[in-house]
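Below is one structure, written out as structure tokens, with a few remarks after it.
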Amino acid sequence: KTYPQEINLYGMLGCSYFLSGNEKEAGDIWLNTAKSLSKNESSFRVIANYALSVRAFDYAINLFKEAKNFYNNLALNYDLANLLMITMNYKDAAEEYAEIISKDPNQIYSVEARLQPYLAKEDVVKIYTEVLEQKNPDLNMNFAYLLIILYTQSSKFDKAFDLVKILDEKQKRQG
């Protein structure tokens, strides 16, 4: 009551509720605080960090999703994608990375770098491949580029080569 605008107090209050077993109350406090004290996306980030400090990943993910409704910031997409990868929600992470590339095609190499550590996992490669195949890689060359990497990783060389030919044709590189 003394400091109604102090976001850190609400973050700690949410942690106290979460640690005492009242997860719903913690989630409500975190979300309401982030929304009401939100001057920029950093308010959501501060509160999400409190949720992460007690390993409340689902609440942190919801906070970043909510922040995306208020702010159009690629950093939020990256934060959300990273959390989704950590929680092994690979499909949603792939969707998030695809959204990043759609918003800013120049992010392709950053997204590729973030995928590299996971390319040894067959299930991740399969999920990312499925998501990117639905994104119409014939029209979006960035999705085609990532699919070539994924196809090569999963030994689908014919599919990779077909996409390489399409890329080559669209970029007029003549082989």
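The values are calculated or read from the model by the stated rules, or taken from the named source; none is laboratory data. Just so you know, these numbers come straight off a predicted model, no measurement behind them. No Cβ is skipped: glycine too gets one built from the backbone with ideal geometry, and neighbour counts run over all protein chains shown. Please note that ligands, DNA and RNA were not included when accessible areas were found on the heavy atoms of the full protein model with its side chains. Shrake-Rupley method; radii C 1.70, N 1.55, O 1.52, S 1.80 Å.
Using only Cα atoms, tell me the angle between helix 74-86 and the longest principal axis of the chain; keep it within 0 to 90° and round to the nearest 10.
Taking the Cα atoms of the chain, the angle to 74-86 is about 90 degrees.
Give the distance, in whole Å, between the Cα centre of region 53-70 and the Cα centre of region 18-39.
10 Å
Going through the cross-link list 121/170; 39/91; 24/65; 135/170; 39/68; 121/165, which pairs have a Cα-Cα distance over 24 Å in this structure?
Long pairs (Cα-Cα over 24 Å): 121/170; 39/91; 121/165.
Estimate the FRET efficiency between residue 75 and residue 168 by the formula 1/(1 + (r/R0)^6), using the beta-carbon distance for r and 35 Å for R0, to the nearest 0.05.
Here the calculated transfer efficiency is 0.55.
Taking only DSSP H segments of four or more residues, each worth -39500 (n - 2.57), what value at 222 nm results for the chain once the sum is divided by all its residues, to the nearest 500 deg cm²/dmol?
-23000 deg cm²/dmol
May I ask you to evaluate 6.51 cos²θ - 1.76 cosθ + 1.60, the Karplus curve with θ = phi - 60°, for each residue of region 19-35 and list the ³J(HN,Hα) values in order in whole Hz, giving x for glycine and proline?
With coefficients 6.51, -1.76 and 1.60, one gets 5, 8, x, 9, 5, 5, 4, 4, x, 5, 4, 4, 5, 5, 5, 4, 6 Hz.
Could you derive backbone 3J(HN,Hα) for region 111-120 from the dihedral phi with the Karplus parameters 6.51, -1.76 and 1.60 (θ = phi - 60°), listing whole Hz in sequence and x where the residue is Gly or Pro?
Listing the rounded values in order: 5, 4, 4, 6, 7, 3, x, 9, 5, 7 Hz.
Compute the FRET efficiency between residue 121 and residue 6 as 1/(1 + (r/R0)^6), taking r as their Cβ-Cβ distance and R0 = 35 Å, and round to the nearest 0.05.
0.25
Using mean Cβ contacts within 10 Å as the protection proxy, how do 17-29, 80-92 order, highest first?
80-92, 17-29
Quick check: from the Cα gyration tensor, does region 1-107 come out rounded (a/c under 1.5), prolate or oblate?
Note, shape of region 1-107 comes out oblate.
Given Cα pairs under 8 Å that are at least 6 residues apart, what percent is the relative contact order of the chain?
Rounded, it is 11 percent for the chain.
Tabulate in residue order the Karplus-calculated ³J(HN,Hα) for region 159-170, using 6.51 cos²θ - 1.76 cosθ + 1.60 with θ = phi - 60°, rounded to whole Hz; enter x for Gly and Pro.
5, 4, 5, 4, 5, 4, 5, 4, 4, 4, 5, 5
At 1.4 Å probe size, with the rest of the protein present, what percent of the exposed accessible area of the chain is carbon and sulfur atoms?
After summing per-atom areas, the C and S share lands at 50 percent.
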